[in-house]
């Protein structure tokens, strides 16, 4: 296998996403051959070097697994919460593998959460350069018109910069509220809510129903399932295509 960057090895071992693994290294929580590593350029051979995280050895070659969860509102899309709120892992009883959620989904939002221990796939789904689209059903205050929807499609200026162009369409008017479908490929903090605030239509409810080729079909609220072998093959093909497109600059 040879030597690889330490954060990549941690991601492959299912410790955390590559970004989260970098944070573990910078925090001094990772050891290689008995020495704490605090820089991101270090390369290791997972077949030879002794690697520990928080004092515990990592697994060498865990099998890669993929799960979908329909997250209810009032649940944190992370592995741990210092405030003691319920996390997505509490909805996956009996799973032996160490998995982690890919990307954000707010505490007050519901819908699709993708969990895996496959670091490469997690990176493609979470990094904006790969432009993996996430689709949301959004109920907002007021009735957006075509001019307002066009603003979303062109990009909205937020406190941390302009958003990339989104896809937006009106689904249904419900009295003095409306249902929209929004598609984005970024993952800014509370991005959908902030975008809707910026156009004058605050979010009432928010549900993610698709991420790339993955969707919520057949999953009730709070339910989860493992991807089928066919879905895993489609996922790998999608990831390979996204990597090729990003590397070609398309």
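The values are calculated or read from the model by the stated rules, or taken from the named source; none is laboratory data. In this text the structure is predicted, and so the values were computed from the model without any measurement. Reconstructed Cβ throughout: ideal geometry from the backbone, glycine too, with neighbour counts over all protein chains shown.
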**Asked** Looking at residue 191, is it assigned by TED's automatic domain parsing to the domain that holds residue 75 and either at pLDDT 95 or above or in contact with a strand residue (DSSP E or B) (Cβ under 9 Å, 6 or more places away or on another chain) (or both)?
**Response** no
**Request:** Could you grab me the full set of residues in region 194-218 that are closer than 25 Å to residue 91 by Cα, at pLDDT 95 or above and surrounded by fewer than 16 Cβ atoms within 10 Å (Cβ to Cβ)?
**Result:** 204, 205, 213, 215
**Message:** Looking only at region 133-165, filter to residues that are modelled with pLDDT under 95, in contact with a helix residue (DSSP H, G or I) (Cβ under 8 Å, 6 or more places away or on another chain) and closer than 26 Å to residue 18 by Cβ; which one of those is surrounded by the fewest Cβ atoms within 10 Å (Cβ to Cβ)?
**Reply:** 164
**Asked** Does region 169-183 hold any residues that are in contact (Cβ under 8 Å) with a residue 24 or more places away in the chain and assigned to a strand (DSSP E or B), and which are they?
**Response** 170, 171, 173, 174, 177, 178, 179, 180, 181, 182, 183
**Request:** Tell me which of these residue 135 doesn't satisfy, since it passes every other one: (1) touching a strand residue (DSSP E or B) at 6+ places or on another chain (Cβ under 8 Å); (2) within 25 Å of residue 240 (Cβ to Cβ); (3) free of Cβ contacts under 8 Å to residues at least 60 places away in the same chain.
**Result:** (3)
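Looking at 74, 84, 94, which is the one that is part of a loop (DSSP other than H, G, I, E, B) and more than 30 Å from residue 132 (Cα to Cα)? First the steps, then the outcome.
Working: 74 fails: more than 30 Å from residue 132 (Cα to Cα); 94 fails: more than 30 Å from residue 132 (Cα to Cα).
On inspection, the qualifying residue turns out to be 84.
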**Request:** For region 75-90, name all the residues that are farther than 18 Å from residue 189 by Cβ and over 17 Å from the mean Cα position of the chain (by Cα).
**Result:** 84, 86, 90
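What do you reckon, is residue 106 part of a loop (DSSP other than H, G, I, E, B) and surrounded by fewer than 22 Cβ atoms within 10 Å (Cβ to Cβ)?
yes
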**Prompt:** Which one of 102, 15, 9, 53 is touching a residue at least 40 places away in the same chain (Cβ under 8 Å), more than 20 Å from residue 187 (Cα to Cα) and within 17 Å of the chain's Cα centre (by Cα)?
**Reply:** 15
**Prompt:** Which one of the conditions (1) in the same structural domain as residue 236 (by TED's automatic domain parsing); (2) in contact (Cβ under 8 Å) with a residue 12 or more places away in the chain; (3) at positive phi; (4) surrounded by fewer than 18 Cβ atoms within 10 Å (Cβ to Cβ) does residue 84 fail to meet, given that it meets all the rest?
**Reply:** (2)
